[in-house]
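Engineer: Quick one: the structure is below, questions incoming.
The values are calculated or read from the model by the stated rules, or taken from the named source; none is laboratory data. These numbers come from a predicted model, not from an experiment. Here the Cβ positions follow ideal geometry from the backbone for every residue, glycine too, while neighbour counts run over all protein chains shown. When the accessible area is computed, the model is the full protein with side chains, heavy atoms only, and any ligands, DNA or RNA have been set aside. Shrake-Rupley method; radii C 1.70, N 1.55, O 1.52, S 1.80 Å.
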Amino acid sequence: MPTSPSDHPNRPEAGERAVSEVYDLAVVGAGPAGLAAAVTAAGLGLRCALLDAGPRPGGQYYRHPAPGLGAVHPERLHHGWAAFAALSSRLKVHTAAGRITYLTGHQVWTAERGEIWRLHATLGPEVGAHAVVRARTVLLATGAYERQLPFPGWTLPGVVTAGGAQAMLKSGLVLPGRRVVVAGSGPLLLAAASSLVSAGATVPAVVEATSYLHYAKGLPTLAANPAKLAEGAGHGATLLRHGVRLRRSSAVVEAHGTERVTAVTVARLDRDWRPVPGSERRIACDALAVGHGLLPQIELATELGARTRETPDGSVALAVDSGMRTSLAGLWAAGETCGVGGADLALAEGELAARVIAGRPVPPALRARRERRRAFAELMAAAHRPGPAWTEWLRPDTDVCRCEEVPAARIREAVEELGAGDARTVKLLTRAGMGWCQGRMCGPAVACLSGDDRPRADSRPLACPVPLAQLAGPEPS
Amino acid sequence: MLTRPPYDVVVVGAGVVGAACAYYATLAGLSVAVVDRGPVAGGTTGAGEGNLLVSDKEPGPELDLALLSTRLWGELAAEPGAAFGGEAGRGTGGGFGERIEYEAKGGLVVASGEPGMAALRAFAEGQRAAGVEAVEIAGERLYELEPHLAPGPAGGVHYPQDAQVQPALAAAHLLRAARSAGAELRLGETVTAVRTRPDGSVLGVTTDRGQIDVPAVVNAAGTWGGELARLAGVALPVLPRRGFVLVTEPLPRIVRHKVYAADYVADVASGSAALQTSAVVEGTPAGPVLIGASRERVGFDRTLSVEVLRRLAVQAAALFPVLAEVAVQRAYRGFRPYLPDHLPAIGADARLPGLYHACGHEGAGIGLAPATGLLISRQLTGKQPELDLSPFRADRFARS
Ligand SMILES: Cc1cc2nc3c(=O)[nH]c(=O)nc-3n(C[C@H](O)[C@H](O)[C@H](O)COP(=O)(O)OP(=O)(O)OC[C@H]3O[C@@H](n4cnc5c(N)ncnc54)[C@H](O)[C@@H]3O)c2cc1C
Ligand SMILES: Cc1cc2nc3c(=O)[nH]c(=O)nc-3n(C[C@H](O)[C@H](O)[C@H](O)COP(=O)(O)OP(=O)(O)OC[C@H]3O[C@@H](n4cnc5c(N)ncnc54)[C@H](O)[C@@H]3O)c2cc1C
């Protein structure tokens, strides 16, 4: 959310020329993928609009403290800061030259297709804070959000998401606690733990649900991604130096505390992620950072009927061809929207998409880099797919949907006695997923409890809440 | 070898109408199976609102149906939970009405100017003669009923019989009650053919899982009722009529009744394919205010229409200016089962003995479900239905 007017150096006033023009390309999302795409396209002569809900470029990965916080060395929390610095300065050059219109604080709530696409964005609560951006092509680089799997105690203060912990650190330089257990599954855990210890927290354990044995199946892919391995090894080395233990095939099955989390119970898991009875042990802590990977944020495209695919970690991503085209004419996608895969992949895909949109050839090396990274991402995804028995962590009274306070028992009742067979019907019958987050938090858990084993895109005709006055207002010209 | 068919009747469709048919047929002693290709309430029932309105209906067959249904919804809601359908007392607790979020909150129709008020007054006069409770409210007294209403309306009519339910819960709990009385629910099963005997009567249905021999088939396939009729070899021109609903963030109770402007009635009755909107504004027990719903015939196009949302938002804010200050949290759309004369198809199909229709309720299927179910069960058991069913005959379109 915007914090001060100075955060919006390039936000044109409503009705200004910049908003009414038809761009060659509108990029939604200024994370690694969107940034790479916008600067590449602008460099190739396209007039671009770059929209992002946030106040600064960088997305999930290149988060950095607001200028006012006076951080001197944000790069210490980042790998690949140099790449970001290069992208940012290219963005500045193109913006100054009028080749990119960078629209911060613009959250897109719907896209209308056509020869000329129209993106509707909300800029805040004020009546007139509604913009429409018109463009001949659109690139969706809206990234991903965190997958959460509930467990008893997960709503206690002090329990944060792994990404949230990382984000707090990167953009606010605050720690979620002093003694932080990191748990869940996926490569983000190591990254988050390593940032936490570097910033001075104690991490009594990193608890990873998979055994990592799956990785062995993809040795050639691993060997082809040395940078990724080095990154993993880098986190590993940091953790080792701080004496942090990695517990594999284990999970936090309960968080304890009344006012706030004071301890967690960790249990060993079998192959299906079923807790092994008798293996429980308690670890004292004052915070828990938990994450189960990321889910592509793709409703702007799926609401228009774009084709999707199921990724090996059981999420739904946009289906794209080798030129990053979605199934809808004029709509491209890059980065996490095409399946979660990390910042390098997002950069490669953004650049590749921009070249294709500009009608330029794709250098073979770029294509190869993208394919290598994608293969690696799929391998990681397969390794970290939640095991089907994770639901055994739930107790009947565990809230699955925290917005609407719907416990597991109500969801099971809807399935077993009321005939719900999928997440949508569970939602209709229990209100799980109807709250402010629109099911982003409980969606995967609800789908799993409903026995619907084919993941599908959630229906969200509005990608975010929109002030009614803006819906009612005349369209900005 | 001759075996007795496993069921007396197969109901195709587990929406609210199919659920009501199954409920009343089971209550009447029949052995019932409900077949749906999706989950419970996966069709239009899960994509609409739950207004049970008499206020928007002019005197005639649909109003008679609505009045019967209003009474039946009230009776259903009064069922104590535990006594209703055996084990249904477990779980969420509360009576049936509470579980389906039944609220007899009443409707309020407001007219902006004097000419509109005169038309509304005449309309209400006719309704009163047909048995509707309709109380005229002078402009300045509207605020006693709805304190947040915009200033200026000439007046309105209060309809105490208007009520609401949560449609998906209503369908699910009717089916649960039917099941505990012996009905079978077969979800995820698609009817692919209706088989007939040489004499032209129904022999059974074929599904993607096999054949079911059954002497009676109820077409409760909603917006897809025309397709099901075609499978049986008869014509029924059901078309989709799209509607959008806006859902606000949860709010304290600022809207007490179902409130809409008098033009709504004209929109409902229109046969035009073009877009019509006239916002009906209502609160829900969970807090969000629902603003619905538009009407347009655009096939099964699911794409969000910014223009439709704009109109609904404008109209809602015109009725309740405070709504301009809230956030719309989500929107959804559904496809009403529309028949060209706006009346549903209910009852035995004279062209195909054994086939019964219970579909095409357009924007009133939640409201009209219990009456439809009861009337169908009367026919199935050879009893005299409460209402004359001839206006609802499925072959009425073929005649013209
Ligand atoms: C905690 C954490 C640690 C990570 N660590 C690593 C790591 O060590 N190594 C690695 O390779 N990767 C890491 N990643 C992953 C990396 O952040 C992502 O792969 C990368 O950011 C993906 O880039 P993207 O451009 O696809 O999306 P994002 O970076 O997610 O950017 C998406 C952007 O779109 C904007 N947006 C979304 N919806 C809208 C909308 N409707 N309207 C307008 N704007 C919108 C968002 O504001 C955001 O800025 C980490 C991620 C997290 C969360
Ligand atoms: C936006 C909107 C607002 C509305 N508001 C109201 C309101 O306030 N009050 C009101 O009374 N009504 C309202 N309605 C109308 C109401 O929702 C419908 O009239 C009602 O839901 C129809 O119910 P149904 O059971 O006939 O159909 P459905 O709920 O659509 O059920 C039909 C079922 O048949 C199944 N089916 C179809 N073909 C087959 C097959 N071959 N094999 C197996 N199964 C099959 C489908 O899967 C589906 O589940 C609204 C509708 C919309 C779209």
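Engineer: Taking a probe of 1.4 angstrom, what is the accessible area of B:Leu339 in Å², to the nearest 10?
Structural biologist: Accessible area, nearest 10 Å²: 0 Å².
Engineer: Projected onto the charge dipole of the protein assembly as shown (+1 at Lys/Arg Cβ, -1 at Asp/Glu Cβ, origin at the Cα centre), which of A:Gly339, A:Ala423, B:Ser377 gives the Cα projection farthest towards the positive end?
Structural biologist: A:Gly339
Engineer: Which residues, if any, in region B:321-340 lose at least 50 square angstrom of accessible heavy-atom surface (probe 1.4 Å) when the other protein chains sit next to their chain rather than the chain being alone?
Structural biologist: For region B:321-340, once contacts with the other chains are taken into account, B:Val328, B:Gln329, B:Arg330, B:Arg333 lose 50 Å² or more.
Engineer: So what is the 222 nm mean residue ellipticity for chain A from helices alone, if each DSSP H run of at least 4 adds -39500 (n - 2.57) and you divide by all residues, rounding to the nearest 500 deg cm²/dmol?
Structural biologist: -8500 deg cm²/dmol
Engineer: Let me ask something else. What residues of region B:286-307 lose no less than 50 Å² of accessible area with every protein chain in place versus their chain by itself (probe 1.4 Å, heavy atoms only)?
Structural biologist: B:Leu304, B:Val306
Engineer: Assigning unit charges at the beta carbon (Lys, Arg +1; Asp, Glu -1) and nothing else, what dipole magnitude in debye, to the nearest 20, does chain A show about its Cα centre?
Structural biologist: 1340 debye
Engineer: Taking the Cα centre of region B:107-235 as origin and charging only Cβ (+1 Lys, Arg; -1 Asp, Glu), how large is the dipole, in debye to the nearest 20?
Structural biologist: It works out to roughly 600 debye.
Engineer: Relative to the longest principal Cα axis of chain A, at what angle does helix A:343-357 sit, 0 to 90 degrees, rounded to 10?
Structural biologist: Value to nearest ten degrees: 30.
Engineer: Where does chain B land at 222 nm, in deg cm²/dmol rounded to the nearest 500, when only DSSP H runs of n ≥ 4 count, each adding -39500 (n - 2.57), divided by all residues?
Structural biologist: Dividing the helical sum by the residues of chain B leaves -8500 deg cm²/dmol.
Engineer: Can you pull the mean other chain C-beta count within 10 Å for peptide A:32-38?
Structural biologist: For peptide A:32-38, the averaged partner shielding equals 0.
Engineer: Please tell me the relative contact order of region B:296-400 in percent, rounded to the nearest whole number, where contacts are Cα pairs under 8 Å and at least six residues apart.
Structural biologist: 22 percent
Engineer: Determine the per residue accessible area of the protein assembly as shown with all protein chains present and a 1.4 angstrom probe, expressed in square angstrom.
Structural biologist: 38 Å²
Engineer: Under 25 °C and 0.890 mPa s, how fast does region B:239-338 diffuse according to Stokes-Einstein, given a Kirkwood radius computed over C-alpha pairs? Answer in µm²/s, whole number.
Structural biologist: Here the translational diffusion coefficient equals 179 µm²/s.
Engineer: Quick one: of the DSSP bridges fully inside the protein assembly as shown, what percent are antiparallel, nearest 5?
Structural biologist: Given both bridge residues lie in the protein assembly as shown, the antiparallel proportion sits at roughly 60 percent.
Engineer: What percentage of the solvent-accessible surface of the protein assembly as shown, computed with a 1.4 Å probe over protein heavy atoms, is contributed by carbon and sulfur atoms?
Structural biologist: That fraction is 55 percent.
Engineer: Oh, and also: Where nothing but the Cβ of Lys and Arg (+1) and of Asp and Glu (-1) is charged, how large is the charge dipole of region B:239-338 around its Cα centre, in debye to the nearest 20?
Structural biologist: 260 debye
Engineer: Quick one: helix A:81-96 against the long Cα principal axis of chain A, what's the angle to the nearest 10°, folded into 0 to 90?
Structural biologist: That works out to roughly 30 degrees.
Engineer: Taking +1 at the Cβ of each Lys and Arg and -1 at the Cβ of each Asp and Glu, which of A:Ala382, A:Ala354, A:Leu394 sits farthest along the dipole of region A:351-396 towards its positive end, judged by Cα position relative to the Cα centre?
Structural biologist: So the residue furthest toward the plus end is A:Ala354.
Engineer: In percent, what relative contact order does chain A have, based on Cα pairs under 8 Å that are 6 or more apart in sequence?
Structural biologist: 18 percent.
Engineer: Could you tell me which Cys residues in the protein assembly as shown have no other cysteine's Cβ under 4.7 Å from their own Cβ, answering none if every one has a partner?
Structural biologist: A:Cys48, A:Cys285, A:Cys338, A:Cys403, A:Cys437, A:Cys448, A:Cys464, B:Cys21, B:Cys359
Engineer: How high is the relative contact order of region B:239-338, in percent, counting Cα pairs under 8 Å that sit 6 or more residues apart?
Structural biologist: 44 percent
Engineer: Okay, moving on. Would you work out which of A:Thr104, B:Gly243, B:Gln315 lies farthest towards the positive end of the dipole of the protein assembly as shown? Charges go on Cβ: Lys and Arg +1, Asp and Glu -1.
Structural biologist: The listed residue farthest towards the positive side: A:Thr104.
Engineer: Just how much of A:Arg113 is accessible, in Å², when a 1.4 Å probe is used and the result is rounded to the nearest 10?
Structural biologist: Approximately 120 Å² of A:Arg113 is accessible to the 1.4 Å probe.
Engineer: Kindly identify region B:107-160 as rounded, prolate or oblate by the Cα gyration tensor criterion: order the square roots of the eigenvalues as a ≥ b ≥ c, call it rounded if a/c is under 1.5, otherwise compare a/b with b/c, prolate if a/b is larger, else oblate.
Structural biologist: It comes out oblate by the Cα gyration axes.
Engineer: While we're on this one: If you fit an axis through the alpha-carbon atoms of helix B:306-319 and take the longest principal axis of the Cα set of chain B, what angle between them do you get, 0 to 90°, nearest 10?
Structural biologist: 50 degrees
Engineer: Same structure, new question: With a 1.4 Å probe, how much accessible area is buried between chains A and B, both sides summed, in Å² to the nearest hundred?
Structural biologist: Chains A and B together bury approximately 3100 Å².
Engineer: Karplus couplings for region A:394-399 from phi (6.51 cos²θ - 1.76 cosθ + 1.60, θ = phi - 60°), rounded to Hz, Gly and Pro as x?
Structural biologist: Result, rounded to whole Hz: 6, 9, x, 8, 6, 5.
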